[in-house]
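We did not get these values from a lab; they are worked out from the coordinates using the rules stated. These figures come from a predicted structure and were not determined experimentally. Cβ: placed from backbone, ideal geometry, glycine included. Neighbour counts: every protein chain shown.
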């Protein structure tokens, strides 16, 4: 195990996964956690990241399952969680997803409706064909093990997003102005 005072940087500490990692480490007594917003530390900027690590000198960790899946399978799993089946058409930048079946009374989408398309603006500058994290160090030194497989992670994420969507709709219906984080 590592010292509870070891400096640990958590990327995405405000997001669902990063905030869960932060809370878990805090609950285990780790006191020197570092989190920066993307406005303060742009992880796409190599010089910015180098300067941050040079100054802060946090320990490097990979929190991962050691498993990988395609974006397509992730999307299909997410839609299936709310009773919507997708059909993918096209290839590469022209690939799109359409609703092929909808069995959820609460979230009815028209059969044939386009719900996803590829936007090359979101490609990483140095895209890789295969990406998988090695959780060995986190397991050995922090005792961290993945608590979710893909299906349970998606189920948890969709439940959270649906609750946020319902809350936003409730506030909007009640005439309250609010900023939605669902877009």
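Viscosity 1.306 mPa s, temperature 10 °C: what is the translational diffusion coefficient of segment 6-49 from Stokes-Einstein with a Kirkwood Rh over Cα pairs, rounded to a whole number of µm²/s?
Answer from the Stokes-Einstein relation: 145 µm²/s.
Quick check for you: which residues of segment 68-95 have the amide N under 12 Å from the point 7 Å beyond the Cα of residue 101 toward its beta carbon?
Under 12 Å, as judged by backbone N against the label point of residue 101, lie 80, 83-87 of segment 68-95.
Could you tell me how far the Cα centroid of segment 147-175 sits from the Cα centroid of segment 1-79, in Å?
Segment 1-79 and segment 147-175 have Cα centres spaced 22 Å from each other.
By DSSP, what percent of the beta bridges with both residues in the chain are antiparallel, rounded to the nearest 5?
75 percent
What is the helix-to-structure angle for 16-27, meaning the angle in degrees between its Cα long axis and the longest Cα principal axis of the chain, kept from 0 to 90 and rounded to the nearest 10?
The two axes meet at around 40 degrees.
How tilted is helix 150-173 with respect to the longest principal axis of the chain? Cα atoms for both, answer in degrees (0 to 90, nearest 10).
That works out to roughly 70 degrees.
Just to confirm the number: angle between the C-alpha axis of helix 71-81 and the first principal axis of the chain, 0 to 90 degrees, nearest 10?
60 degrees
Over the alpha-carbon set of segment 15-98, work out the extent along each principal axis and list the three values in angstrom, largest first.
Here the spans come out as 48, 33, 24 Å, largest first.
Over segment 71-122, what is the relative contact order in percent, taking alpha-carbon pairs closer than 8 angstrom and at least six residues apart?
Relative contact order, segment 71-122: 29 percent.
Taking 10 °C and 1.306 mPa s as the conditions, I'd like the Stokes-Einstein D for segment 71-122 in µm²/s, using the Kirkwood hydrodynamic radius from alpha carbon pairs. Each step should come with its number before you reach the end.
On the way: Rh = 11.3 Å.
It diffuses with D of about 140 µm²/s by this estimate.
As a footprinting exposure proxy, order 115, 71 by other Cβ within 10 Å, with the fewest listed first.
71, 115
For the residues 73, 60, what sequence is obtained by ranking on other C-beta atoms within 10 Å, fewest first?
Ranking 73, 60 by Cβ neighbours within 10 Å, fewest first, gives 60, 73.
Debye calculation, C-alpha points only, no solvent: report log10 I(q)/I(0) for the chain at q = 0.16 Å⁻¹, in the same order as the q values.
Here the Debye-derived log intensity ratios amount to -1.27.
Let's test this: bin the Cα-Cα distances of segment 46-135 at 5 Å from zero up to the farthest pair and state each bin's percent.
Result returned by the calculation: 3, 11, 14, 16, 14, 13, 11, 8, 6, 4, 1.
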